[in-house]
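Undergrad: The structure that follows is given in the form of structure tokens.
Each value in this text was obtained by applying a stated rule to the coordinates, not by laboratory testing. Since we're looking at a predicted model, the values are computed, not measured. Positions of Cβ are generated from backbone atoms using ideal geometry, with glycine treated the same way; all protein chains shown enter the neighbour counts.
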Amino acid sequence: MSIFPFKNQAQEIESSAYKLLLKGMLSHSIEAISVPQAANSENAIFVDSREKEEFEVSHIKNAMWVGYDSLDLSRLENVDQDRQIIIYCSVGYRSEKVAEKLKVKGFTNLFNLYGGIFEWKNQGHPVYNTNQKETEQVHAYNKVWGVWLNKGEKVYSK
């Protein structure tokens, strides 16, 4: 198996160490979607599976928050189960686990954002605060995981 979960991924994440980390950490039970593919998904719903404090620092525009430790899937009860849903967290582990739970609930068009919000920001895409204003701040989870966030302003607590 290639260390890339889909075609042309080699050009999309520069750090080979990050690629190897993701390969070993993810079970690939949910199809991955690259940042460029996700950015061009016009009708997709973005779902943030980080904790509320992380979401409040910044998130992908119009993302729905469901959490992880405080997971609340009822927020998606009015979403068509066949609609494209792109789930993300910091790097992709928590989002994969949340997507697995959504799959069990009958959602059929699920994608895990490969590299998470860190890679989204690393590739120059905007993130927004709770006032829907663009910000450079990204919650970097902790100093160990924060090394994978190369662009933006790292925030460790609100």
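Undergrad: Which one is right for this structure if volume of the Cα convex hull per residue in Å³ is calculated from it: [x] 175; [y] 110; [z] 210?
TA: Only one listed value fits the structure, namely [y].
Undergrad: Count neighbours as other Cβ atoms within 10 Å of each site's Cβ, and list the GluC sites (Glu not before Pro) in segment 90-158 that are DSSP loop with at most 12 such neighbours.
TA: In loop regions of segment 90-158 (DSSP not H, G, I, E or B), there are no sparsely surrounded GluC sites (Glu not before Pro).
Undergrad: Moving on. Skipping prolines and chain starts, which residues have an amide H placed within reach, meaning under 5 Å, of the one on residue 46, given they are 5 or more residues away or on another chain?
TA: 64, 86
Undergrad: List the lysines whose Cα sits under 24 Å from the Cα of residue 133, skipping any in the same chain fewer than 8 residues away.
TA: In chain and number order, the partners are 52, 61, 121, 151, 154, 158.
Undergrad: Also, quick follow-up: Stick to Cα atoms and the Kirkwood definition of Rh, then tell me Rg/Rh for segment 8-85.
TA: Reported Rg/Rh, Kirkwood definition of Rh: 0.98.
Undergrad: Then there is this: Could you give the length gained on full extension between residue 109 and residue 53, defined as 0.36 nm per residue of separation minus the Cα-Cα distance, in nm?
TA: Full extension of this stretch gives 17.4 nm more.
Undergrad: If you don't mind, another one. Tell me which residues come under 5 Å, amide H to amide H, from residue 127 once H is placed; ignore anything under 5 positions away on its chain.
TA: Under 5 Å from the amide H of residue 127 lie the amide H atoms of 135, each far enough along the sequence or on another chain.
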